[in-house]
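The values are calculated or read from the model by the stated rules, or taken from the named source; none is laboratory data. Just so you know, these numbers come straight off a predicted model, no measurement behind them. Positions of Cβ are backbone-derived with ideal geometry, glycine not excepted, and every protein chain shown enters the neighbour counts.
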Amino acid sequence: MDSTGELCRDAIYEVLTRSSIETMGKCRLLSKEYNKLTYESLFTKLHSQKTTIVSGSLIQSMIMNEYQVSFVSTNGLKNHTQISFDFLLEHVEIVSSTNQGVLLCHAHNKSCYYVCIPSIQQWQKVPNPKTRYDTIESSLMVEWSKPLRYKIVRFSEPKVELFESATWKWKLLDEVKLPHEESLHRMTKVSVNGSLHWLTWKRNVFAFDVKRESHCLFPLPLPASEGNDVRLTEYKGKLAMTSIDRERNFMEVWIMEDHGRKQWSKRHSINIGVLTRKKPHVSPLAFCNADVVLMGEYFPDVIFFNFKTWHIDMLRLGKGLLHGCFPFQLTFATKEKA
């Protein structure tokens, strides 16, 4: 590349380190080069330094029958921020998170949902749909950030309900009839490419396209890995699967390369023996960037593991049992009306 091209690339890089999440998302779709670049460890660190946006995860734990939430940064800082939901009317449980910093929470008494933005303490109370079926899973997808427009999907097999903030109404969709003994696995949902994905108990992936209001069921890339610890996650903006062989102490990372053809490819085979010697049941919670994975066990202590450099950072979050990890963008901004 000539000097002019290098200068152009450097200028674009500088702009991206100062861009919003929405702008970065559009650039990732337009260029494979910038998609790869924006998931690198150095870029994510620079982006958090030059903007009011800090990427990370919300770690939810339960203590004395109440949920507590801590925010941990993707940069592996040896501290964490306690997130308060005191601005809401009642105790809540986080159900779903989005890249726009918006959360879907469920009231403790299950009477309603709350859609909220913790960084500016904005919230909207959404009534439960009037149905006699128990909720199996719920999730949120943001369509627009300004003004805020979103949809909530609620599964109560075989019923599926969809709430649209634009109409402020629930509607009943076509029934979802899963094969015999199939069910959605809790705490495994991943939102990628306009679809919500869940791992099922039979080691398949259930995908629900929110815009088309359609669904499909497809297999994982490793049907023979029944004894392995398998998780769904997001890696570099794509649907991914991790599979841990406890006997060999290896973790494989598979990426969905082609959603239309449901084609997977193996990206990494990682020796995690350095982790399992101290934490034998450690599992991946989320990928922080291209090189770092957030790992955890039953308790809310977490480990930042750089599988390229083998560097490990452990962060102690306190007591309680781990009750979910939610990728999240924490924005420090002035409060404004939704």
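The set of residues in region 61-115 that are at pLDDT 90 or above, aliphatic (A, V, I, L, M) and assigned to a loop (DSSP other than H, G, I, E, B) contains only 102. Within region 43-53, one or more residues are buried (at least 18 other Cβ atoms within 10 Å of the Cβ), hydrophobic (A, V, I, L, M, F, W, C) and in contact with a strand residue (DSSP E or B) (Cβ under 9 Å, 6 or more places away or on another chain). Residues in region 262-285 that are in contact (Cβ under 8 Å) with a residue 24 or more places away in the chain, in a loop (DSSP other than H, G, I, E, B), more than 19 Å from residue 204 (Cβ to Cβ) and among the basic types (Lys, Arg): 279 alone. In region 161-174, the condition of being outside any strand (DSSP E or B), of a type in the set (A, V, I, L, M, F, W, C) and under 21 Å from residue 197 (Cα atoms) is met by at least one residue. So residue 199 ticks every box in (1) in contact with a Lys or Arg (Cβ under 9 Å, 6 or more places away or on another chain); (2) more than 23 Å from residue 322 (Cβ to Cβ); (3) of a type outside the set (D, E, K, R) but one. Which box is left unticked? That leaves (2) as the condition not met.
Just name the residue that is nearest to residue 269 (Cα to Cα) out of those in region 174-217 that are exposed (fewer than 14 other Cβ atoms within 10 Å of the Cβ) and of a type in the set (A, V, I, L, M, F, W, C). Top of the filtered list is 201. The one condition from (1) without any contact (Cβ under 8 Å) to a residue 40 or more places away in the chain; (2) touching an Asp or Glu at 6+ places or on another chain (Cβ under 9 Å); (3) surrounded by fewer than 17 Cβ atoms within 10 Å (Cβ to Cβ) that residue 229 does not meet is (1).
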